[in-house]
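Student: First the structure, which I've put down as structure tokens, then a few questions once you've had a look.
The values are calculated or read from the model by the stated rules, or taken from the named source; none is laboratory data. This one's a predicted model, so the numbers in the text were calculated from it and none came from an experiment. Virtual Cβ from ideal backbone geometry, glycine too; neighbours counted across all protein chains shown.
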Amino acid sequence: MNPIDTTGAGDCFNAGFLYGVLRGMTLDDSLRCGNICGALSTEASGGIAGFPSPHRVREFMQNDHAR
């Protein structure tokens with residue numbers, strides 16, 4: 001992963017965390033989801049362009065390196 005811009009990473013973390021909580025994930029998995037969303041969002045410029053899709057986040061969460 002090559003970070004380009006951190007604008008909006010905190011907002012993406014919050015969205016990913018809430019996504020996990022609202023779908024009944026454990027606290028640990030909700031935090032992982034938030035961390036992954038925040039990290040992936042830095043791959044593009046601006047606060048919205050890098051926001052990852054739920055599919056991409058789920059794929060990333062399933063990989064061993066995401067633990």
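Here is a yes/no grid of residues against (1) on the phi < 0 side of the Ramachandran plot; (2) modelled with pLDDT of 90 or more; (3) touching a strand residue (DSSP E or B) at 6+ places or on another chain (Cβ under 6 Å); (4) among the polar types (S, T, N, Q):
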| site | (1), (2), (3), (4) |
| --- | --- |
| MET25 | yes, yes, no, no |
| ASP29 | yes, yes, no, no |
| GLY46 | no, no, no, no |
| PHE51 | yes, no, no, no |
| GLU59 | yes, no, no, no |
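Student: What residue, among those in the range 1-23 that are assigned to a loop (DSSP other than H, G, I, E, B) and not polar (S, T, N, Q), is modelled with the lowest pLDDT?
Tutor: Residue satisfying both the conditions and the ranking: MET1.
Student: Further, regarding this structure: For ARG32, work out the one condition from (1) buried (at least 18 other Cβ atoms within 10 Å of the Cβ); (2) touching a Cys at 6+ places or on another chain (Cβ under 8 Å); (3) assigned to a helix (DSSP H, G or I) it doesn't fulfil.
Tutor: Unmet condition: (2).
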